[in-house]
Structures are given as structure tokens and as C-alpha cells.
1. Just give me the residues in the range 195-246 being small (Gly, Ala, Ser), under 12 Å from the mean Cα position of the chain (by Cα) and under 17 Å from residue 269 (Cβ atoms), in sequence order.
2. Could you count how many residues in the range 78-116 are outside any helix (DSSP H, G or I) and aliphatic (A, V, I, L, M)?
3. Here is a check on your reading of the model: is residue 63 free of Cβ contacts under 8 Å to residues at least 60 places away in the same chain, assigned by TED's automatic domain parsing to the domain that holds residue 104 and more than 24 Å from residue 107 (Cα to Cα)?
4. Which of (1) more than 18 Å from residue 245 (Cα to Cα); (2) buried (at least 18 other Cβ atoms within 10 Å of the Cβ); (3) touching a residue at least 24 places away in the same chain (Cβ under 8 Å); (4) of a type outside the set (A, V, I, L, M) is the odd one out, the single condition residue 195 does not satisfy?
5. Pairs please, first residue from the range 31-47 and assigned by TED's automatic domain parsing to the domain that holds residue 71, second anywhere and hydroxyl-bearing (Ser, Thr, Tyr) and at pLDDT 90 or above, Cβ atoms under 6 Å, 6+ apart in sequence or on different chains.
6. Would you be able to say whether some residue in the range 95-109 is in contact with a Pro (Cβ under 9 Å, 6 or more places away or on another chain), within 30 Å of residue 67 (Cβ to Cβ) and either modelled with pLDDT under 60 or surrounded by fewer than 15 Cβ atoms within 10 Å (Cβ to Cβ) (or both)?
7. Which of the following residues is in contact (Cβ under 8 Å) with a residue 40 or more places away in the chain and either on the phi < 0 side of the Ramachandran plot or surrounded by fewer than 18 Cβ atoms within 10 Å (Cβ to Cβ) (or both): 57, 82, 71?
8. For residues in the range 19-41 being assigned to a loop (DSSP other than H, G, I, E, B) and touching a strand residue (DSSP E or B) at 6+ places or on another chain (Cβ under 9 Å), which is farthest from residue 87 (Cα to Cα)?
Amino acid sequence: MKRKIIKIVEDKCTGCGLCIPNCPEGAIQVIDGKARLISDLFCDGLGACLGHCPEGAIVIEEREAAPYDEARVMVNIVKAGANTIQAHLEHLRDHNQQEYLQQAVQYLNAQGIPNPLVAAKPSGGHAPSGCPGSRIMTFGATAAAPVDAAPGTRPSQLTHWPVQLHLVSPQAPHFKGCDLLLAADCTAYALGDFHKDYLKGKALAIACPKLDSEQEVYVEKITALIDEAGINTLTVMIMQVPCCGGLLHLAKQAAAAAKRKVPIKCVVVGIQGGILKEEWV
């Protein structure tokens, strides 16, 4: 069957092993100094490990692969202990993988092992989430974010369409010699002054490094924007969650493949708004 699954780019992998504790299925091991996907059966393709690799060596691809096997995964998960069991179930729940979650719970029941999600669930609330990018949180407006007192509406700073990276054309006139903002999908919703402070005067492309498919096309398009459109600068805006770092890795990969060199700035947005980091990379 053809499905989404991780791919480890061997030439980029340094064997640091940072991806291993961030794979809830135990599908990755360091073998001969390189991280390896030990079996297609163990990888659900949800990409919990994305963003944890400092070299950007892990990507999601769509290819022919054996079906993910939750039962076989659970054998290893149970051997790893209670913390691993809970992290794995939270991972499935947070990504709405109800079929796999049901299979995992059935396996635990058959082994006489309590469901840690039920045990950990506080009265009237949700069990804590294991995936940083999907963790359920509630927060309200703060005194640091007053309501805009200016009358009327704030104008949009968007100057072109489309903006989704799969749909944009590097040959479009608005990209010629522009300052390009490559923004993760969630950033505009988290950052109240996205248009005023970051989009104004820039061309825009948006993408999600965790959920979008065929990301190799993104590398080709960003490379074309650098070489063919001749963009002036590239600002990559991402959220603070680990998986979002994949967008910066894609941009760096494209820049390395490009014939021209352009300065790249990384802007990290906090999940409650505000800029956590802004630096040239």
C-alpha cells in the first residue's frame, strides 16, 4: 500500500540519537552510526520525530510501504515500561488515530495492563498530552494584549494570491526580487500583529512541515524562488513547537541547493503570541 512514512536522509544524519526518544513507536534505532527506520511496520507516518533532528535529516514521504502494525508496536511499547505506554497512547489520541488507539487499549486489556490515559485523567478534564505540538492548553487574553482602540479595520498587507507553497509559482511577478516571508500555517493566528509587523512589504508563502505531503516539492520551489525569482531575503516564521522546525530545515536545504545565496532569518512565535526568537541563520 502507498502511505506516508518517515525517511531518514543518511547523508545528513550524524547519529546523535535525538530522534529516538521522540518516536513513540520505537521505530528508530542508531545502527552503524546512523539513525535507521528499523521497520515500516513500526512507523505510523505522523511525524512526532520531526523537528527534533538538528540536521533536518528526517522528512515525511509517501511511498509503497507495509501497513503500520499497532499490535507489533505494542509488544515493544509494553516492554519499555509505563511511561512509554502512556506517551504512545497520548500520541495516538492527540493525532486522532482512534482505530490504532482502540487496538492499543485492546492489547493492554488482553495483557491485564491498566489504560494509563484513564488512570491519569483528572476529574472533569483531559489527560495530559504527550505531543508538544498537539497538547491541549487553554489560555485567555492577558493584560499585555490590550484591545486595539483604533477605530475602523486594519487593512490586509497581503498583495498576491495564492499563498500556499504547493500552489505558488516561482515565476509569478510578485516574487521577483522580493523579500519573502515563508510562514508556518499557525503563525498568523498566534501573532496578533502578523500583517503589520511581518507581512507588510513582503511576498508570502505558507506551509505546514508536519501535515503537508510531498515536501520534496517545497525544497524545489524554494530553490526556484532563490535562483529564478531572485528573492532578496528569506524570512522563515515558525511556531515554538518542535515539529515546526521542519520548515526551517526545508528552507536551509533549498538554500544549500541554490546557486544564489540569500540571507535567511528565523522568527519563532510563541503559542500564546509574541516573538520568542528572531535571528539570522
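1. 207, 245, 246
2. Filtering the range 78-116 for residues outside any helix (DSSP H, G or I) gives 81, 95-97, 112-115.
Now drop any that are not aliphatic (A, V, I, L, M), which leaves 113.
Count: 1.
3. no
4. For residue 195, the exception is condition (2).
5. Qualifying pairs under 6 Å: 44/68.
6. no
7. The conditions single out 57.
8. Start the filter on the range 19-41 by keeping residues that are assigned to a loop (DSSP other than H, G, I, E, B), which leaves 19, 23-27, 32-33, 38-39.
Now drop any that are not touching a strand residue (DSSP E or B) at 6+ places or on another chain (Cβ under 9 Å), which leaves 19, 23, 27, 38.
Values: 19: 15, 23: 10, 27: 14, 38: 20 Å.
Going through the qualifying residues, I end up with 38.
The values are calculated or read from the model by the stated rules, or taken from the named source; none is laboratory data. Just so it is clear, the model here is predicted, and its values are computed rather than measured. Glycine also receives a Cβ, built like all others from the backbone with ideal geometry; neighbour counts cover every protein chain displayed.
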